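The values are calculated or read from the model by the stated rules, or taken from the named source; none is laboratory data. Note that the coordinates shown come from a computational prediction; the quantities given were computed from them, not determined experimentally. Using ideal geometry, Cβ is built from the backbone for each residue, glycine included, and neighbour counts are taken over all protein chains shown. The protein model used for the area step is the full one, side chains on, heavy atoms only, and it has no ligands, DNA or RNA in it. Shrake-Rupley method; radii C 1.70, N 1.55, O 1.52, S 1.80 Å.
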Amino acid sequence: MNFYITYFIVAAGLFAFVGLFTMFGVYAERKVSAFIQNRLGPTETGKFGTLQVLADMIKMVQKELIIPAAADKVLFLAAPAIIFIAVYLGFAALPWAPGLVPANINIGLYYIFAIISIETLGILMAGWGSNNKYSILGAMRSAAQIISYEIPAGFALISVVMVAQTLNLQDIAMLQGILSPEKAKFFGFWDVSAIGGILSWNVFQAPHLLVAFVIYFIASLAESNRAPFDIPEAESELVAGFHTEFTGLQFALVFLAEYSMMFLVSMVGVILFLGAWNTPLPNIGSVTLASWTTGTAWGIIWILVKTLLLVGVQMWIRWTLPRLRVDQLMNLCWKVLTPLAFACMLISGIWRLWVM
């Protein structure tokens, strides 16, 4: 019985975190976009507009739930829940600190990619169930780009798995700091196991993993439908894309899923490439900065800081780069990212056999 209570507490905690992050993310995006475009952003509701998101949420909850007359009611009502749950369940396998992971699954990375791929099904259900030409076109675009970009993203992640020799995210995190049971070598030649810090992160374990990280990050933008890969929601062409017909709480769930996905893909990138919950500070002689700043509390701080920095880069990119055309998006995936990611995967195999 106690196990079930613990599970409910963990699930409620993750849901609360997702909700709080979405509130913070929406406010931050408004302020970041305003700064980039030389505007002020929210200013009126609360100090510096901090209560604007809360006001929007209250307004959204009060909105009427409208189901189009010609819509497939079952698909239309189920789609937002499936989209959100698929992303929300991905948080279960993410390690937050040494010994702190909701579900320490041996195939954690495989589980995350499997569960978030269900989001594509929810998006197709939303577009088809709406019986709206803009919605179905947006849904088809989204499914096409998500399925396409999962291939280079998968190859990039396999590059790390081949070097780490495990799919367990907590084990991969452990290998990137002073708690590592194995030797960590900076670019394959300098043993930094006792030094730790940024030198032992995966992007510095092998030169090609830095390329793999860039590929994964670009693919994650497409996976999250973020600009410059936001053609499924291109307002100049499709009104709002697959969620055109959704109002109130249904739209809120879709919105919640988008910001949750931003955090999820950023955190996966941090865990696999940027040291996870390990400190960036190295041990320098008798000044053991890495040892002092490694632990449960420090781990949570480091992984949040790194993940939020990546989320900030996603926002920066959204308000800086123009949207790609469909053909440009697919060309980038199939002709550039996929061959590069495949090369990284092959190099990882050679690196593991001959260098490590």
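Observations on the structure shown:
- Single match in Leu77, Leu65, Leu20, Leu54 (criterion: among the aliphatic types (A, V, I, L, M), outside any loop (DSSP other than H, G, I, E, B) and more than 25 Å from Arg226 (Cβ to Cβ)): Leu77
- Residue-level check: of (1) under 20 Å from the mean Cα position of the chain (by Cα); (2) at pLDDT below 95, Ala341 misses just (2).
- Leu329 assigned by TED's automatic domain parsing to the domain that holds Ile82, surrounded by fewer than 20 Cβ atoms within 10 Å (Cβ to Cβ) and either under 21 Å from the mean Cα position of the chain (by Cα) or in a loop (DSSP other than H, G, I, E, B) (or both): no
- Residue in the stretch 252-275 that is in contact with a Leu (Cβ under 6 Å, 6 or more places away or on another chain), farther than 17 Å from Phe217 by Cα and in the same structural domain as Leu89 (by TED's automatic domain parsing) present: no
- Pairs where the first residue, in the stretch 307-323, is within 16 Å of Gly41 (Cα to Cα) and assigned by TED's automatic domain parsing to the domain that holds Leu221 and the second is in a helix (DSSP H, G or I) and of a type in the set (Val, Ile, Thr), C-beta under 6 Å, 6+ apart: Met315/Val32; Trp319/Ile36
- Hey, Lys31 assigned to a helix (DSSP H, G or I), charged (D, E, K, R) and out of contact with any helix residue (DSSP H, G or I) (no Cβ under 9 Å at 6 or more places or on another chain) or not: no
- Only one of the listed residues (Tyr134, Tyr88) is open to solvent by 10 Å² or more (accessible area, probe 1.4 Å), closer than 14 Å to Glu245 by Cα, assigned by TED's automatic domain parsing to the domain that holds Leu256 and not hydrophobic (A, V, I, L, M, F, W, C). That residue is Tyr134.
- Test set (1) open to solvent by 30 Å² or more (accessible area, probe 1.4 Å); (2) within 26 Å of the chain's Cα centre (by Cα); (3) at positive phi - Met174 fails condition number: (3)
- Residues that are buried (at least 17 other Cβ atoms within 10 Å of the Cβ) and touching a helix residue (DSSP H, G or I) at 6+ places or on another chain (Cβ under 7 Å) were ranked within the stretch 286-322; the one that is nearest to Gly197 (Cα to Cα) is Ala290.
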